[in-house]
Amino acid sequence: MSWQAAVMAWNQQATADLSPATVRRYLVSMRQCNEHLQGTDLRKVDVPKLREIVRARRQEGATTATIRRDLTAISSVRDYAIGEGWILENATLTVRHKRMRERRDPIVLPTEEAIATMIAAAPSRFADAIEFARETGMRQDEIFGLTRRQVSAGEIPITGKGRKLRVIPLTFHARRILDRQPQHLASPYMFWHGSGRRWTSPSSRFGDIQRRVAQKAAQRKGQFQHFRFHDLRHLYAVEYLRAGRGSLYDLQKLLGHSSVK
């Protein structure tokens, strides 16, 4: 069986077993690794082949975190293939060992000035999504996938990673942000764009806005502190504890983390 045939068979099952966000992320990895696996016999996706892919992805400029996600996607297909009896073992597990440990940069919280600059430069509903991320601590995909039906009286039930259910209480400011979102008759989404479409690559859009902001700052011989959309989630966590709104264990539940660690 070819790698492509295995991926197609896996995809039919994955849509039932995995969350839509996970399937989308895995498919991104499949596309990124396609040129290295196209035409390959499924049984030949072994340790040497995977190490070859890792080397090639590094040369392409992919980070360790991205390569680990690619290997996780490949591993998901191979696990499915084992279940179908097409192969006997998952070689991906051998490659994803301690030598692939991700190096994490220290967390630097975004400044008030940087957040305000990004909000001012972003389209209105995207700017509101940035504010909403800081106010709720929700993940990026959860925010841009948020529908009006999900919002109940003062809270939002969220099915996050691992299909774990948690409830996000809405602050006064968070409710104001939702209240000012115009409803699109053909779209269920809260933070839609265009003809009611969901943002499919908000990270790229966020990066584009940030590059323009940084260029303008450089032209004025000023500085702009870069930050990621995900850093707003970090900021929410810090401000939640500083304000004494709840305990560390309360915060763990709100963020949807499996461990307080």
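Annotations for the structure displayed:
- By the Cα gyration tensor, the range 204-261 has an equivalent ellipsoid whose semi-axes, rounded to whole angstrom, run 33, 13, 7 from largest to smallest.
- Each residue, residue 111 and residue 21, gets one label point 7 Å from its Cα in the Cβ direction; the gap between the two is 3.0 nm.
- Gained length - residue 72 relative to residue 176, 0.36 nm times residue gap less alpha-carbon distance: 33.5 nm
- Inter-part distance, the range 199-261 to the range 144-164, computed on C-alpha centroids, equals 20 Å.
- Computed extension length for residue 184-residue 121: 20.4 nm, one decimal, from 0.36 nm per residue of separation with the Cα-Cα distance subtracted.
- The heavy atoms of residue 164 present about 100 square angstrom of accessible area, all protein chains included, probe 1.4 Å.
- Residue-count net charge about residue 120 - beta-carbon cut-off 12 Å; Lys, Arg +1, Asp, Glu -1: 0
- Taking the three principal axes of the alpha carbon atoms in the range 115-191, the coordinate ranges are 34, 29, 23 Å, sorted in descending order.
- FRET efficiency, 1/(1 + (r/R0)^6) with R0 30 Å, evaluated for residue 93 and residue 259 via beta carbons: 0.85
- Net length available on complete extension from residue 82 to residue 197 is 37.6 nm, with 0.36 nm assigned per residue and the Cα-Cα distance removed.
- When mean projected area of the Cα convex hull in nm² is calculated for this entry, the matching label among (i) 13.9; (ii) 19.3; (iii) 16.6 is (iii).
- Sorting 69-77, 118-126 by their mean Cβ neighbour count within 10 Å, with the most densely packed peptide first, gives 69-77, 118-126.
- For the pair residue 152 and residue 44, a Förster radius of 41 Å applied to the C-beta separation gives a FRET efficiency near 0.20, rounded to the nearest 0.05.
- The range 1-53, accessible surface, carbon-and-sulfur percent (1.4 angstrom probe): 52
- Calculated FRET value between residue 167 and residue 52, using beta carbons and R₀ = 51 Å, to 0.05: 0.65
- Our helix-only sum for the chain, with -39,500 (n - 2.57) per DSSP H run of n ≥ 4 divided by its residues, gives a mean residue ellipticity at 222 nm of -17500 deg cm²/dmol.
- Heavy-atom surface of the chain, accessible at 1.4 Å and reported per residue (Å²): 59
The values are calculated or read from the model by the stated rules, or taken from the named source; none is laboratory data. Bear in mind that the values here come from a model prediction, so they are computed numbers and not experimental data. Heads up, the Cβs are rebuilt from the backbone with ideal geometry, glycines too, and the neighbour counts pull from every protein chain shown. Keep in mind that these areas ignore ligands, DNA and RNA; they rest on the heavy atoms of the full protein, side chains included. Shrake-Rupley method; radii C 1.70, N 1.55, O 1.52, S 1.80 Å.
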